[in-house]
1. Please go through region 152-162 and give me each residue that is more than 14 Å from the chain's Cα centre (by Cα) and buried (at least 16 other Cβ atoms within 10 Å of the Cβ), ordered by number.
2. Before we move on, is Pro97 of a type outside the set (D, E, K, R), more than 19 Å from Ser63 (Cα to Cα) and free of Cβ contacts under 8 Å to residues at least 12 places away in the same chain?
3. Going through Pro45, Pro129 one at a time, which residue ends up being surrounded by fewer than 17 Cβ atoms within 10 Å (Cβ to Cβ), out of contact with any His (no Cβ under 8 Å at 6 or more places or on another chain) and not polar (S, T, N, Q)?
4. Between Val146, Val140, which is at pLDDT 95 or above and buried (at least 24 other Cβ atoms within 10 Å of the Cβ)?
5. Do we find that Val177 is more than 19 Å from Leu64 (Cα to Cα) and not in a helix (DSSP H, G or I) in this structure?
6. Go through region 50-65 and give me each residue that's part of a strand (DSSP E or B) and either touching an Asp or Glu at 6+ places or on another chain (Cβ under 8 Å) or among the basic types (Lys, Arg) (or both).
7. Between Lys137, Lys142, which is part of a helix (DSSP H, G or I) and either within 11 Å of the chain's Cα centre (by Cα) or not β-branched (Val, Ile, Thr) (or both)?
8. Here are the criteria: (1) within 21 Å of Tyr147 (Cβ to Cβ); (2) buried (at least 18 other Cβ atoms within 10 Å of the Cβ); (3) of a type in the set (A, V, I, L, M). Tell me which single one Ala53 does not satisfy.
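The values are calculated or read from the model by the stated rules, or taken from the named source; none is laboratory data. Just so it is clear, the structure is predicted and the values come from calculations on it, not from any experiment. Methodologically, a virtual Cβ is constructed for each residue, glycine included, from the backbone with ideal geometry; neighbour enumeration extends over all protein chains shown.
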Amino acid sequence: MLATVVLTTNIDPSIFILLCAPYGMKNNSKQRAPLSLTSSLALKPGRHAPDFALRTTPDQEVSLNQFRGRPTILAFYPADFSPVCGDQMTLYNEILPEFQKFNAELLGISVDGIWSHLAFSKDRNLHFPLLSDFEPKGAVAKKYGVYRKQDGMTERALFVIDGNGTIQWSYVSPIGVNPGAEGILKALESMNSKQHK
């Protein structure tokens, strides 16, 4: 049962949603965010995507520039092993072939350390890189305007970047809601149709 709530305080609505979600509520791609929230600081479509290089293993670094010439999906998420993040990353892993139809590369990014990412990736059997924005903490998330300084983690944010390095679509989901993949797929389809005109 959902109740209508009027916020009359300065509480961040995304935190409020997380705290007020019914116990046991499963966040999946079929659920819709109760509020449409977009961080005013998040980079918007049309902006150049800032380059970065982050570790994916103790001895391997991944750079955004490596993927120039093809679409890239950046999926910022708050934390490894949290229920919503686990569901979100597992969903993306399951539909990875759909992203690959557009020759798109998927990169997961959080402020968790490399070892946490490796354990999370193994536990969830993920087949895409998880990048550690650990030190300096949240530096890449800050470049994209999606670092939650008060919480020491990233927003749950998505960016679809074209082969020229321009952001074509971005979305910041409420922190406790799985944004699903519909927006990503629509953005990739739109980019693909513009390319073939």
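1. The one that is more than 14 Å from the chain's Cα centre (by Cα) and buried (at least 16 other Cβ atoms within 10 Å of the Cβ): Asp162.
2. yes
3. None of the others qualify; the one that does is Pro45.
4. After applying the criteria, what remains is Val146.
5. Details: more than 19 Å from Leu64 (Cα to Cα): yes; not in a helix (DSSP H, G or I): yes.
So Val177 passes the test.
6. Selection gives Ala53, Leu54, Arg55, Ser63.
7. Sole residue among the options that is part of a helix (DSSP H, G or I) and either within 11 Å of the chain's Cα centre (by Cα) or not β-branched (Val, Ile, Thr) (or both): Lys142.
8. (2)
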